[in-house]
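Read-outs: derived from the displayed coordinates by stated rules, not from any lab. A quick note: this is a predicted structure, and the numbers were derived from the prediction, not measured. Note: ideal-geometry Cβ built from the backbone for every residue, glycine included; neighbour counts use all protein chains shown.
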Amino acid sequence: MKSIFLDCNDQLAPVWAKVVHADDPPIEVNTAPFARDELPRLLDGYAIALDDHSYMPTELVAQCKALKHIVFLGTGAASYMNVEELKARGVVVHTIKGYGDTAVAEHAIALMLAAARDIARMDREVRAGIWTPQEGVQLHGKTLGVIGLGGIGREVAHLGRGLGLHVLGWNRTRRAGVPLSDLDTLLQRADVVSINLVLNDETRGFLNRERIARMKPGAILINTARGALVDEEALIEALKSGHIRHAGLDVFHAEPLKVDHPLAKMPNVTLTSHAAFRTLEASMTLLRRAIDIVKKIVR
């Protein structure tokens, strides 16, 4: 079965070289950029495709006659393809969990600290010759609300407690180790809300206009999960009004975020480029697990 890593970039290429073994099945690596409509040409003849974060529309995948498996490098395949539609067409989508829990949690905490102290804004201003010290928020003793207590959410809670924050958690099923709360109480009490849910049909738009309105005035919102978990229009309105003091966002409804997007123009938003899981340690684990999935398929 022919395999291809369809969108290996310059950052991942040296990591790939570190984790691939001599006895692994052959996997062609494509590092050349390609337009979305070139997907059928690129995947022609390949039964297995490793996908970092390229969109794979059903109508294009349907033209890839040999394709039977997509190994998505992460958990959020639903943001880049319609998993059920592909399954109906005989293409199985494999995802990889747990490879970067610590990396993502550390990034969430970094965004929380940056948002609380307006670090990115002051960095931009100092570089532009503007010297305006911004008054920040002291986090010690404040309340951190963690929505979603999977591996990442639990690690965010653990790190938050280490910084002296009181932690409240909400999860769709009971999880030990974090004080649990109903969602309304969490939103009303939390000075910082970190959303760490998996995106699916049940969670799409989870933090909607009504729930954003219930958040504590002046709260900070952190999203390192998926952009579509949050009602973007309602978030922008809440940021403009100050109901949400600051948002630290690593994920967006459409990526990459366009330079003229409203979020890119707001001083009370700290942005990163879907990079929360990008550490050498996490990337090595991720790519090795992807190769192991290919090995199992081939066998």
Checklist outcome for this item: One point scatterer per Cα, no solvent, Debye formula: log10 I(q)/I(0) for segment 210-249 at q = 0.15, 0.18 Å⁻¹ comes out as -0.29, -0.42
Checklist outcome for this item: Ratio for segment 101-271, C-alpha Rg to 2.2 N^0.38 Å, reads 0.98
Item to check | Positive-end residue, the chain charge dipole about Cα centroid, Cβ charges, pick of Ile244, Leu50, His166 | outcome: His166
Checklist entry - Hey, which of these cross-link pairs are over 31 Å Cα-Cα: Lys18/Lys258; Lys68/Lys97; Lys216/Lys265? => result Lys18/Lys258
Item to check | Spacing of the two label points (7 Å from each Cα toward its C-beta) at Val92 and Arg209, in nm | outcome: 4.3 nm
Next on the checklist: Over all directions, how big on average is the projection of the convex hull of the alpha-carbon atoms in the chain, in square nanometres?
Outcome noted: 16.8 nm²
Checklist entry - Glu38 to Lys2: FRET efficiency via 1/(1 + (r/R0)^6), r the Cβ-Cβ distance, R0 22 Å, to the nearest 0.05? => result 0.80
Checklist entry - Could you give the dipole magnitude of segment 101-271 about its Cα centre, charging the beta-carbon of Lys and Arg +1 and that of Asp and Glu -1, in debye to the nearest 20? => result 320 debye
Checklist outcome for this item: Between the modelled labels at Asn30 and Arg127 (7 Å from Cα along Cα→Cβ) the distance in nm is 3.3 nm
Checklist entry - Summing Lys, Arg as +1 and Asp, Glu as -1, what charge do residues with Cβ under 13 Å from the Cβ of Ala120 carry, Ala120 excluded? => result 0
Checklist outcome for this item: If each part is reduced to its alpha-carbon centroid, segment 59-115 and segment 224-248 end up apart, in Å, by 23 Å
Checklist entry - Kirkwood hydrodynamic radius for segment 181-267: how many Å is it when counted over pairs of different Cα atoms? => result 13.1 Å
Checklist entry - What order do you get for 6-19, 64-77 when each peptide is scored by the mean count of other beta carbon atoms within 10 Å, highest first? => result 64-77, 6-19
Checklist entry - By average Cβ neighbour count within 10 Å, what is the ranking of 278-285, 24-31 from highest down? => result 278-285, 24-31
Item to check | Glu85-Lys295 pseudo-label distance in nm [points 7 Å out on the Cα-to-Cβ vector] | outcome: 3.5 nm
Checklist entry - Dipole magnitude of the chain about its Cα centre, charges +1 at Lys/Arg Cβ and -1 at Asp/Glu Cβ only, in debye to the nearest 20? => result 640 debye
Checklist outcome for this item: A correct Kirkwood calculation over the Cα atoms of segment 5-153 returns a hydrodynamic radius in Å of 18.8 Å
Checklist entry - How high is the FRET efficiency between Arg161 and Asp10 when r is their beta carbon distance and R₀ equals 30 Å, given to the nearest 0.05? => result 0.20
Item to check | Dipole-positive endmost among Met266, Ile109, Ala228 within segment 101-271 (Cβ charges, Cα centre) | outcome: Ile109
